[in-house]
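Participant: Before we start, here is the structure in question, set down as structure tokens.
No lab work stands behind these numbers, since they all come straight from the coordinates. Every value quoted in this text rests on a predicted model; they were computed, and no experiment measured them. We place every Cβ from the backbone using ideal geometry, glycine too, and count neighbours over all the protein chains shown.
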Amino acid sequence: MKAMILAAGRGERMRPLTDRVPKALLEVGGRPLIAHLIEGLARSGHTEVVVNVSHLAGMIEQELGDGSRYGVRIVYSREAQPLETAGGIAFALPLLGDAPFVVINSDVYSDFDFARLAAPAAALARGRGLAHLVLVDNPAHHPRGDFALSAGAVSAEGAGRLTFSGIGVYAPALFSGVARGARCQLVALLTPAMARGLVTGEHHRGLWMDVGTPLRLDALERALAAESGR
């Protein structure tokens, strides 16, 4: 199963750090954020990786190369301007193929085992839904969460809301209505799919952090340093 890492954004909340370094290349634990994700994908057997790039794209391509040092093969989807989440995925569909694929935001750090996504991907391939989302407990900066999870089904409304981790599996058909090169947010596609009962999910209770601001990047660095010092 192919995987895609979303790395095209400017990382506005990370400024001024991202004025000169793309968000995906900001380091934590001595390695770029995106390197941690690629290593996790490689460990779980995902060796075909698409990375979309736009802001400071050349730096990402130079750092990662063809992916061989990580044990994967990387190809790049180059966007003249960032196309948002769904727009970027739709633009990369020719590289992703006809089967369900994994997508990960480049600014998350997690111990989630991507091998767990094989079963939901197989279900999507059989036509059982359009998306499968990994949800996590609501962090302090996002207490209201994003979606509700009940008996494996994800809905836009409901009790016990959880936060979308930025990790999911998608059927290419979810993006069929997005013109290639158009800007589109993923939630604009997921919400109607949820209303039709076509989105499943799971609750990851392990390590996860949205490294979306300099303060959270520093917090993760301190946490990893404390853990390594034990």
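Participant: Run through every distinct alpha carbon pair of region 93-148 and return the Kirkwood hydrodynamic radius in angstroms, one decimal place. The partial results should precede the final answer.
Facilitator: Values: mean 1/r = 0.0741 Å⁻¹.
Mean inverse Cα-Cα distance, inverted, gives 13.5 Å.
Participant: Going by Cα centres, region 49-64 and region 171-230 are how many Å apart?
Facilitator: Using only Cα atoms, the two centres lie 19 Å from each other.
Participant: Related question: Okay, helix-only estimate at 222 nm for the chain: each DSSP H run of n ≥ 4 adds -39500 (n - 2.57), divide by all residues, round to 500 deg cm²/dmol; what do you get?
Facilitator: For the chain, the value works out to -8500 deg cm²/dmol.
Participant: Now for a separate question. Give the long-range amide H neighbours of residue 154: residues separated by 5 or more places, or on another chain, with amide H under 5 Å away, using H modelled in the peptide plane at 1.01 Å from N.
Facilitator: Here the answer is 199, 200, 201, since their amide H atoms fall under 5 Å of that of residue 154.
Participant: I would also like to ask the following. Distances longer than 13 Å among the Cα atoms of region 1-70: what percent of all pairs is that? Display every interim value, and only then the final one.
Facilitator: Details: 1540 of 2415 pairs.
I get 64 percent for the Cα pairs in region 1-70 exceeding 13 Å.
Participant: What list of ³J(HN,Hα) couplings, whole Hz, do you get for region 201-209 from phi and the Karplus terms 6.51, -1.76, 1.60, once you set θ to phi - 60° and write x for glycine and proline?
Facilitator: For region 201-209, the Karplus curve yields x, 9, 9, 8, 9, x, 5, 7, 8 Hz.
Participant: Same structure again: For region 3-228, just run the numbers: alpha carbon Rg, then divide by 2.2 N^0.38 Å, N being how many residues it has. Display every interim value, and only then the final one.
Facilitator: Numbers: Rg = 16.6 Å, N = 226, 2.2 N^0.38 = 17.3 Å.
Its radius of gyration relative to the 2.2 N^0.38 Å reference: 0.96.
Participant: Evaluate the Debye formula for region 49-160 with equal point scatterers sitting on the alpha carbons, no solvent, and hand back log10 of I(q)/I(0) at q = 0.11, 0.14, 0.21 Å⁻¹, in q order, two decimals.
Facilitator: Ignoring solvent entirely, the Cα scatterers give -0.48, -0.77, -1.38.
Participant: Residue by residue, what Karplus-based ³J(HN,Hα) values in Hz, rounded to whole numbers, does region 117-122 have, using 6.51, -1.76 and 1.60 with θ = phi - 60° and x for Gly and Pro?
Facilitator: Karplus-based 3J(HN,Hα) across region 117-122 equals 8, 5, 5, x, 5, 5 Hz.
Participant: Determine the dipole magnitude for the chain: charges of +1 sit on the beta-carbon of Lys and Arg, -1 on that of Asp and Glu, nothing else is charged, the reference point is the Cα centre, and the result goes in debye to the nearest 20. List each step's numbers first, then the result.
Facilitator: On the way: 23 positive and 22 negative charges, 59 e Å.
It comes to approximately 280 debye.
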